[in-house]
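Report on one structure; see the data block that follows.
The values are calculated or read from the model by the stated rules, or taken from the named source; none is laboratory data. A quick note: this is a predicted structure, and the numbers were derived from the prediction, not measured. Every residue, glycine as well, gets a Cβ built from its backbone with ideal geometry; the counts of neighbours run over all protein chains shown.
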Amino acid sequence: MSQEVVLDVGDLRMRYGTSDILHDVTFQARHGEVVALLGPNGAGKTTTIEILEGFRMRSAGRVSVLGVDPARADERWRARVGVVLQSWRDHGKWRVRELLAHLGSFYAAYSTERIRRPWDADELVAAVGLTGQAGQKIRMLSGGQRRRLDVAIGIVGRPELLFLDEPTAAFDPQARHEFHELVRGLAGDGATTVLLTTHDLDEAEKLADRIVVMDRGRIIADGSVRELARRIAGEDEVRWMRDGRAFTCSTAESTAFVRGLFAEYGEAIAELEVRRASLEQTYLALVRQAESVDEGVGR
């Protein structure tokens, strides 16, 4: 993964009247990274994303997206950014491939030596699993198929930065798995940085290189799943059997500990288990911790 900073947010604030919605929000995303923005309803995720997308003006703070302030971005910048909203409306009479080819035509003028825009329509239809519906009218699609089309529309221009807002809300397990593979492929080749908002913590754990947790308009945590779990749980718990006896050890370096166990006892080790805090456990603990601090300050 490149160390190039694609998204840089510093001391971001948003105020409506006398109410502060965002308080000094600061985080970054690097080239080819998948960052999940998590938080309860009302945490400020949507407001933050809309500012980064250039759809909402901020009250204060620094925002750089692909080296440009979104508040002053032009159409060339917009051609480099993809957005998948929770929902959107279109003309149901369009056919899937026809719509993607039409939308893709707007991006052709922004091709570069490094990035060929747009995707070929047939290639894109296949990538999101809609080959069988390529000639079908959009109004005839199922909810899951419609969501796949939303994703296809978001990536038709081969974006360098992709915003995904609850992208798999209507997906069945198979469609969700295929979508995860698509996102991994987009980020894995280093061409696309992804900023993902989701309430599906399992999805965030599977996809994200880094987790940014918001609550009440503030960033309360930023790190990998493992780093955040260690911050809350402190240590992993390693359990194993040897010579009919059960052993348990808490350690901050479980990988090195297990390697040492096998180096010393080899095949005598049985029923080895490493227990780490899940993202769900960590997330809930972080939010409870932040809320208890806020309540204490308010008293």
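Table for the structure above
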quantity: Per-region count, the range 53-63, residues in a strand (DSSP E or B) and farther than 15 Å from Asp24 by Cα; calculated: 0
quantity: Count of residues meeting criterion [aromatic (Phe, Trp, Tyr) and closer than 23 Å to Ala36 by Cα] in the range 216-263; calculated: 0
quantity: Test for Arg13: is it surrounded by 15 or more Cβ atoms within 10 Å (Cβ to Cβ) and part of a loop (DSSP other than H, G, I, E, B); calculated: no
quantity: From the options Ala108, Ala60, Ala79, Ala101, residue that is of a type outside the set (S, T, N, Q), out of contact with any Ser or Thr (no Cβ under 8 Å at 6 or more places or on another chain) and within 17 Å of Asp11 (Cα to Cα); calculated: Ala60
quantity: Options Asp222, Asp236: the member that is charged (D, E, K, R) and modelled with pLDDT under 90; calculated: Asp236
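Condition check ((1) at pLDDT 80 or above; (2) under 15 Å from the mean Cα position of the chain (by Cα); (3) not assigned by TED's automatic domain parsing to the domain that holds Ala127) across all residues:
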| site | (1), (2), (3) |
| --- | --- |
| Ile153 | yes, no, no |
| Glu160 | yes, yes, no |
| Asp165 | yes, yes, no |
| Thr168 | no, yes, no |
| Asp172 | no, no, no |
| Glu181 | yes, yes, no |
| Gly185 | yes, yes, no |
| Asp189 | no, no, no |
| Thr192 | yes, yes, no |
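To keep it simple, each residue is scored yes or no on (1) touching a residue at least 12 places away in the same chain (Cβ under 8 Å); (2) outside the structural domain of Leu207 (by TED's automatic domain parsing); (3) out of contact with any helix residue (DSSP H, G or I) (no Cβ under 6 Å at 6 or more places or on another chain).
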residue: Asp11; (1), (2), (3): yes, no, yes
residue: Thr18; (1), (2), (3): no, no, yes
residue: Leu37; (1), (2), (3): yes, no, no
residue: Lys45; (1), (2), (3): yes, no, yes
residue: Arg62; (1), (2), (3): yes, no, yes
residue: Asp69; (1), (2), (3): no, no, yes
residue: Val84; (1), (2), (3): yes, no, no
residue: Arg97; (1), (2), (3): yes, no, no
residue: Leu100; (1), (2), (3): yes, no, no
